[in-house]
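Here's the structure, in structure tokens; my notes come after.
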Amino acid sequence: MKIPKTIKTYCKKCKKHTEHKLTQYKARSARKLSIGTRKNIRKHKTGYGGMAKHIATVKKQNKKPVFTAECTVCKAKHYFVIPKKMKKTEFNA
Ligand SMILES: [Zn+2]
């Protein structure tokens, strides 16, 4: 589906609707020494209970696309999710 490069949406910082630039959101890798990561490893990957199970063999085809929207007035960034599953997203030229 084709998506416009700029949208007009509400900015929490400006407290009004402003122009926003859209870019594809990319998750950074988790910090290995953070307390949450260590707790997760302790809970799921150690001892007899730490055997991996329910590993998905079929990958999901469609996802709800997530974008980073940047306000052109105050440069604040926030998430912008399109609440519809789609296979492919493309920005309008
Ligand atoms: Zn703003």
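Readers should treat all values here as calculations from the given coordinates under stated rules, not as data from a laboratory. Please read these numbers as outputs of a predicted model, since none were measured by experiment. Cβ sites come from the backbone with ideal geometry, for glycine too, and all protein chains shown count toward neighbours.
Descriptive notes on the structure:
- Qualifying position, being within 16 Å of the ligand (Cβ to nearest atom), over 18 Å from residue 87 (Cα atoms) and assigned to a loop (DSSP other than H, G, I, E, B), among 13, 8: 13
Residues checked against (1) surrounded by 12 or more Cβ atoms within 10 Å (Cβ to Cβ); (2) touching a residue at least 24 places away in the same chain (Cβ under 8 Å); (3) of a type outside the set (Val, Ile, Thr):
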position: 15; (1), (2), (3): no, no, yes
position: 22; (1), (2), (3): yes, yes, yes
position: 31; (1), (2), (3): no, no, yes
position: 64; (1), (2), (3): no, no, yes
position: 81; (1), (2), (3): no, no, no
position: 93; (1), (2), (3): no, no, yes
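- Scan of segment 16-56 for residues that are over 20 Å from the mean Cα position of the chain (by Cα) and within 16 Å of the ligand (Cβ to nearest atom), ordered by number: 16, 17, 18, 19
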